[in-house]
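J.: Submitted below is the structure of interest, expressed as structure tokens.
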Amino acid sequence: MRILYYTWNENSRDDMVSTLQMLGHEVTICSEPCCDYENDVELVASLEEAMQRQPMDCLFSFNFFPVLTKVAEKYKRKYISWIYDCPHWTLYSPAVINANNYIFVFDRRQYQQLKDLGVQHCYHFPMAVNTTRLEILLGQSGQSLDDMESPSKRNGQAQESQEVSFVGSLYENNLYDRVNYLPEYIRGYLSGIMEVQERIYGYNFVGELLTDEMIAQMEQFISMDLPEGYFARKRELFTSMLNGKITSSERIHLLGQLSEYFNLTLYTASDITKVPGAKPGGVVDYVSQMPKVFRNSKINLNISLRSIQSGIPLRALDILGAGGFLMSNYQPELAEYFEDGKELVLYTSAQDLLEKTAYYLAHEEERRAIANAGFKKVKQLFSYEVRVEEMLRLAGVLRV
């Protein structure tokens with residue numbers, strides 16, 4: 001099968017391309033920058049040139065590009081998109097209801113919104129991790145993690161394992177903090193919502209507490225718009241803005257508390273002074289460096305972006321796929337697919353996080369057994385080979 005793959009230089013590009021090729025498919029890559037999601041003349045010309053040069057069976061991209069579905073519709077081809085951003089605003093484009101779309105969404109609640117809009121070919125579909133690549137990179141093929149030496153020992157380096165690591169942004173430049181002015185009564189109301197939501201996992205009620213009256217008042221001071229014709233309401237836009245602020249506040253607070261009691265290394269491009277007790281780890285490359293951080297850290301933290309209401313963040317799968325020990329906030333789909341205390345560890349409050357961090361740092365064998373079991377589950381259910389083949393089958397493009 002011939003696949004026209006559109007890339008925006010996403011981290012998952014090479015893993016997806018190599019998997020498609022390993023499964024026997026021919027991949028043509030288009031990397032023309034997208035400057036207009038709806039009507040990008042240069043991107044359309046690049047896509048059509050590829051389609052005319054050699055017939056393609058389907059188009060594919062990570063995330064949804066309305067301009068791609070229009071090209072696919074013109075050539076009567078299927079367009080497959082795998083969504084791993086949440087919210088993903090182009091899913092509110094009128095083009096989302098095109099019959100040639102096959103949309104795979106990692107977050108179940110975002111998927112349900114699309115179904116409610118009447119999207120015909122839409123599937124709840126968690127993300128994947130390239131366990132084959134990671135086994136080669138980390139040398140764990142055919143071995144139990146309990147029998148392995150760490151990569152630092154095996155390579156003769158003197159690098160010491162980190163106690164607790166977090167890889168990710170602090171979102172200190174979130175949209176809410178860039179609002180120039182809000183009356184105190186509005187800011188106080190929103191602060192109350194955010195403070196409560198920060199302490200609750202598994203259900204996001206921010207949008208429900210934004211009354212129509214409050215939204216109307218917020219519109220007087222905050223300008224947020226999507227292209228004309230998009231389905232999203234102001235409620236969704238403002239909810240996303242507040243979720244960004246909640247994520248920033250939560251990450252800074254939790255990491256600050258952890259750094260008071262444990263050796264915490266923070267791998268980020270964010271302002272490290274926001275967590276003064278943390279050791280700066282710098283920015284790590286997704287493909288070659290980040291997996292080694294996960295393997296060399298005794299505890300890897302996942303603090304989910306609050307706009308991901310139910311889905312498994314890709315970072316959590318990356319940790320497990322590298323054989324790392326994952327400690328994450330409670331997330332409905334993590335609890336659904338993985339056994340807490342056996343394949344990963346979930347926390348439900350700041351105090352719970354502190355207590356479980358202390359416990360698992362002191363119980364190495366138990367910690368390594370959980371990491372091993374988590375890796376086996378990911379390899380079985382979330383490897384690229386498994387997920388991509390299932391995706392193509394659901395899209396009906398596999399040739400029998």
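J.: From the residues in segment 248-298 that are farther than 29 Å from Glu135 by Cβ and among the β-branched types (Val, Ile, Thr), which one is farthest from the chain's Cα centre (by Cα)?
T.: Going through the qualifying residues, I end up with Thr273.
J.: Restricting attention to segment 114-140, report how many residues are in contact with a helix residue (DSSP H, G or I) (Cβ under 8 Å, 6 or more places away or on another chain) and without any contact (Cβ under 8 Å) to a residue 12 or more places away in the chain.
T.: Taking segment 114-140 and keeping what is in contact with a helix residue (DSSP H, G or I) (Cβ under 8 Å, 6 or more places away or on another chain), we get 114, 117-134, 137-140.
From what is left, the residues that are without any contact (Cβ under 8 Å) to a residue 12 or more places away in the chain are none.
Residues in segment 114-140 being in contact with a helix residue (DSSP H, G or I) (Cβ under 8 Å, 6 or more places away or on another chain) and without any contact (Cβ under 8 Å) to a residue 12 or more places away in the chain: 0 in total.
J.: Okay, next question. Whether any residue in segment 2-25 is over 25 Å from the mean Cα position of the chain (by Cα), among the basic types (Lys, Arg) and at negative phi is what I want to check. Talk me through it step by step, then tell me what you get.
T.: Let us first name the residues in segment 2-25 that are over 25 Å from the mean Cα position of the chain (by Cα), namely 2, 24-25.
Subsequent filtering for residues that are among the basic types (Lys, Arg) retains 2.
Now restrict to residues that are at negative phi: 2.
Yes, segment 2-25 contains a residue that is over 25 Å from the mean Cα position of the chain (by Cα), among the basic types (Lys, Arg) and at negative phi.
J.: Mind listing just one residue for me: the one in segment 286-306 that is among the aliphatic types (A, V, I, L, M) and within 20 Å of Leu361 (Cα to Cα) and, of those, surrounded by the most Cβ atoms within 10 Å (Cβ to Cβ)? Can you show your working first?
T.: So the first thing to find is which residues in segment 286-306 are among the aliphatic types (A, V, I, L, M), and the list is 287, 290, 293, 299, 301, 303, 305.
Pick out the ones that are also within 20 Å of Leu361 (Cα to Cα) and you get 293, 299, 301, 303.
Numbers: Val293: 20, Ile299: 24, Leu301: 26, Ile303: 22.
Once the filter is applied, the top-ranked residue is Leu301.
J.: What helices (runs of 4 or more DSSP H), lying completely within segment 3-99, carry at least 2 residues that are closer than 19 Å to Ala395 by Cβ and free of Cβ contacts under 8 Å to residues at least 12 places away in the same chain?
T.: On the way: elements: 13-22, 41-53, 66-74.
Counting at least 2 such residues, we get no helices (runs of 4 or more DSSP H) at all.
J.: Let me ask something else about it. Every residue in segment 117-133 that is surrounded by 20 or more Cβ atoms within 10 Å (Cβ to Cβ) and part of a strand (DSSP E or B), please.
T.: If the condition is that a residue be surrounded by 20 or more Cβ atoms within 10 Å (Cβ to Cβ) and part of a strand (DSSP E or B), then Cys122, Val129 are the ones that fit.
J.: Now a separate question. If we scan segment 205-215, do we find a residue that is surrounded by 19 or more Cβ atoms within 10 Å (Cβ to Cβ) and either over 30 Å from Gly277 (Cα atoms) or free of Cβ contacts under 8 Å to residues at least 40 places away in the same chain (or both)? Walk me through how you get there before you give the answer.
T.: Filtering segment 205-215 for residues surrounded by 19 or more Cβ atoms within 10 Å (Cβ to Cβ) gives 206, 210.
Right, trim to either over 30 Å from Gly277 (Cα atoms) or free of Cβ contacts under 8 Å to residues at least 40 places away in the same chain (or both) and you get 206, 210.
Yes; the residues of segment 205-215 include at least one that is surrounded by 19 or more Cβ atoms within 10 Å (Cβ to Cβ) and either over 30 Å from Gly277 (Cα atoms) or free of Cβ contacts under 8 Å to residues at least 40 places away in the same chain (or both).
J.: Of the conditions (1) touching a residue at least 60 places away in the same chain (Cβ under 8 Å); (2) farther than 30 Å from Ser223 by Cβ, Ser270 fails just one. Which one is it?
T.: (2)
J.: Can you find a residue that is at positive phi and out of contact with any Lys or Arg (no Cβ under 6 Å at 6 or more places or on another chain) anywhere in segment 216-227? Spell out the reasoning first.
T.: So in segment 216-227, the residues at positive phi come out as none.
No, segment 216-227 contains no residue that is at positive phi and out of contact with any Lys or Arg (no Cβ under 6 Å at 6 or more places or on another chain).
J.: Still on this structure, please answer the following. Restricting to segment 247-298, count the residues that are aliphatic (A, V, I, L, M) and out of contact with any Leu (no Cβ under 9 Å at 6 or more places or on another chain).
T.: Applying the first criterion (aliphatic (A, V, I, L, M)) to segment 247-298 yields 252, 254-255, 258, 264, 266, 269, 272, 275, 278, 283-284, 287, 290, 293.
If we keep only those that are out of contact with any Leu (no Cβ under 9 Å at 6 or more places or on another chain) as well, we get 269, 283-284, 290, 293.
Looking only at that region, the number is 5.
J.: Does any residue of segment 151-167 turn out to be of a type outside the set (Lys, Arg), exposed (fewer than 13 other Cβ atoms within 10 Å of the Cβ), in a helix (DSSP H, G or I) and assigned by TED's automatic domain parsing to the domain that holds Tyr330?
T.: Checking segment 151-167: not a single residue is of a type outside the set (Lys, Arg), exposed (fewer than 13 other Cβ atoms within 10 Å of the Cβ), in a helix (DSSP H, G or I) and assigned by TED's automatic domain parsing to the domain that holds Tyr330.
J.: Identify the single condition in (1) buried (at least 22 other Cβ atoms within 10 Å of the Cβ); (2) among the β-branched types (Val, Ile, Thr); (3) touching a helix residue (DSSP H, G or I) at 6+ places or on another chain (Cβ under 8 Å) that Ile252 does not satisfy, given that it satisfies every other one.
T.: (1)
J.: If Val397 passes every condition in (1) surrounded by fewer than 19 Cβ atoms within 10 Å (Cβ to Cβ); (2) under 22 Å from the mean Cα position of the chain (by Cα); (3) touching a residue at least 24 places away in the same chain (Cβ under 8 Å); (4) closer than 24 Å to Ser18 by Cβ but one, which one does it miss?
T.: (2)
Yes or no, residue by residue, for (1) more than 24 Å from Ser259 (Cβ to Cβ); (2) buried (at least 20 other Cβ atoms within 10 Å of the Cβ):
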{"position": "Val284", "(1), (2)": "no, no"}
{"position": "Ile308", "(1), (2)": "yes, yes"}
{"position": "Arg315", "(1), (2)": "no, yes"}
{"position": "Gly321", "(1), (2)": "yes, yes"}
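J.: Tally the residues that are loosely packed, with under 15 Cβ neighbours inside 10 Å, over 24 Å from Glu250 (Cα atoms) and either in contact (Cβ under 8 Å) with a residue 12 or more places away in the chain or under 22 Å from the mean Cα position of the chain (by Cα) (or both), restricting the search to segment 336-363.
T.: 2
J.: Something else: Return a yes/no flag: does segment 27-49 have any residue that is modelled with pLDDT of 95 or more, of a type outside the set (D, E, K, R), under 22 Å from Tyr123 (Cα atoms) and buried (at least 23 other Cβ atoms within 10 Å of the Cβ).
T.: No, the conditions are met nowhere in segment 27-49.
J.: Would you confirm whether or not segment 88-98 contains a residue that is more than 18 Å from Gly118 (Cβ to Cβ), among the aliphatic types (A, V, I, L, M) and outside the structural domain of Ala232 (by TED's automatic domain parsing)?
T.: Our first condition is that a residue be more than 18 Å from Gly118 (Cβ to Cβ); within segment 88-98, this holds for 89.
Narrowing further to those that are among the aliphatic types (A, V, I, L, M): none.
Within segment 88-98, none of the residues are more than 18 Å from Gly118 (Cβ to Cβ), among the aliphatic types (A, V, I, L, M) and outside the structural domain of Ala232 (by TED's automatic domain parsing).
The values are calculated or read from the model by the stated rules, or taken from the named source; none is laboratory data. Values in this document were obtained by computation on a predicted structure and should not be read as measured data. Cβ sites come from the backbone with ideal geometry, for glycine too, and all protein chains shown count toward neighbours.
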